[in-house]
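A quick write-up on the structure given underneath.
The values are calculated or read from the model by the stated rules, or taken from the named source; none is laboratory data. This structure is a prediction, so every number in the text was calculated from the model and none was measured. Cβ placement follows ideal geometry from the backbone for every residue including glycine, while neighbour counts extend to all protein chains displayed. We work out accessible area using only protein heavy atoms, side chains counted, and drop any ligands, DNA or RNA first. Shrake-Rupley method; radii C 1.70, N 1.55, O 1.52, S 1.80 Å.
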Amino acid sequence: MILHKGEVLFRQGEAGPLYHLKSGLLKIVRVHADGALTLVNIIVPDEIIPHHSLMSPNPYYGTAIALVTCEIEVLSAPDWYRHLDDHPEKCRDIALQLQGKLRMMQQRIDQLTEVSPAEKLRKLQLWLQTFIPVASLSELLTQDEIGQLIGLRRETVNRLLRAQAANRE
C-alpha cells in the first residue's frame, strides 16, 4: 500500500492490523481530550508497528500519519499472532526489533540531554538524515513537533532554524 504525505494510516483507539513500513517515515501523535496533539514517535523503514501489539493485540496508542510518501505492507493481525504461536522462535526476531527501537530511543534521549538548544536541533537533524534526505527539518515536521521531540519551545526552534538558514546564505 502507498500512503502519501499527510495521509493517516490508523487512528488512536482503533484496533486493526499490524503494518510493516518498507520505505518512508511516519509520525505517531497522541490526541488529547482537548484536541491538542503531541508527537510521540517517528517510525522509520523496516519497523513493524504498533510496537505494543507485536506479541498480543491492543488498540492503537496514537494516530499514524505519513511524513513523506510511504510504502507499507499490511499484516493481518490474526495471521501474525497465529504465526507467532506456530513459530515461537519468531519471538526472538521481535525482541531484536524492539531492542533496535530501544537503541534508537537512546539516541533520541541523547538529543534531549544536550545542554545547548542548537546542539539538540543539530543532533535531531543528523538523526533524521540517516533515514531520509531533506533540505530542511521543516519539510517534515512543524516547529511545534520539532520542539516536542527535543524539549524546546516553538519560539526557540523558530529562532534556531532562522539562524541556520542565515548561516547557509
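Taken over the stretch 107-122, residues that are closer than 25 Å to Cys70 by Cβ and modelled with pLDDT under 90 amount to 3. For the structure I just gave you, tell me whether Lys90 is within 13 Å of the chain's Cα centre (by Cα) and open to solvent by less than 80 Å² (accessible area, probe 1.4 Å). It is false that Lys90 is within 13 Å of the chain's Cα centre (by Cα) and open to solvent by less than 80 Å² (accessible area, probe 1.4 Å). Would you be able to say whether some residue in the stretch 85-105 is in contact with an Asp or Glu (Cβ under 8 Å, 6 or more places away or on another chain), modelled with pLDDT under 95 and under 25 Å from Leu137 (Cβ atoms)? Taking every residue of the stretch 85-105 in turn, at least one turns out to be in contact with an Asp or Glu (Cβ under 8 Å, 6 or more places away or on another chain), modelled with pLDDT under 95 and under 25 Å from Leu137 (Cβ atoms).
Counting the residues of the stretch 146-159 that are part of a helix (DSSP H, G or I) and open to solvent by 20 Å² or more (accessible area, probe 1.4 Å) gives 6.
For the stretch 113-123: of the residues being without any contact (Cβ under 8 Å) to a residue 40 or more places away in the chain and in contact with a helix residue (DSSP H, G or I) (Cβ under 6 Å, 6 or more places away or on another chain), which is least open to solvent (accessible area, probe 1.4 Å)? Looking at residues that are without any contact (Cβ under 8 Å) to a residue 40 or more places away in the chain and in contact with a helix residue (DSSP H, G or I) (Cβ under 6 Å, 6 or more places away or on another chain), I get Lys120. Counting only residues that are at pLDDT below 85 and open to solvent by less than 70 Å² (accessible area, probe 1.4 Å), the stretch 124-136 holds 3 of them.
Among the residues of the stretch 111-140, those identified as in a helix (DSSP H, G or I), in contact with a Lys or Arg (Cβ under 9 Å, 6 or more places away or on another chain) and under 21 Å from Val29 (Cα atoms) are Gln111, Leu112, Leu124, Trp127.
Taking the criterion of being under 27 Å from His32 (Cβ atoms), assigned to a strand (DSSP E or B) and either open to solvent by 80 Å² or more (accessible area, probe 1.4 Å) or among the aliphatic types (A, V, I, L, M) (or both), would at least one residue in the stretch 66-77 satisfy it? Yes; the residues of the stretch 66-77 include at least one that is under 27 Å from His32 (Cβ atoms), assigned to a strand (DSSP E or B) and either open to solvent by 80 Å² or more (accessible area, probe 1.4 Å) or among the aliphatic types (A, V, I, L, M) (or both).
Filtering the stretch 39-68 down to residues that are modelled with pLDDT under 95 and among the polar types (S, T, N, Q), which residue is nearest to Gly13 (Cα to Cα)? Taking the candidates together, the pick is Asn58.
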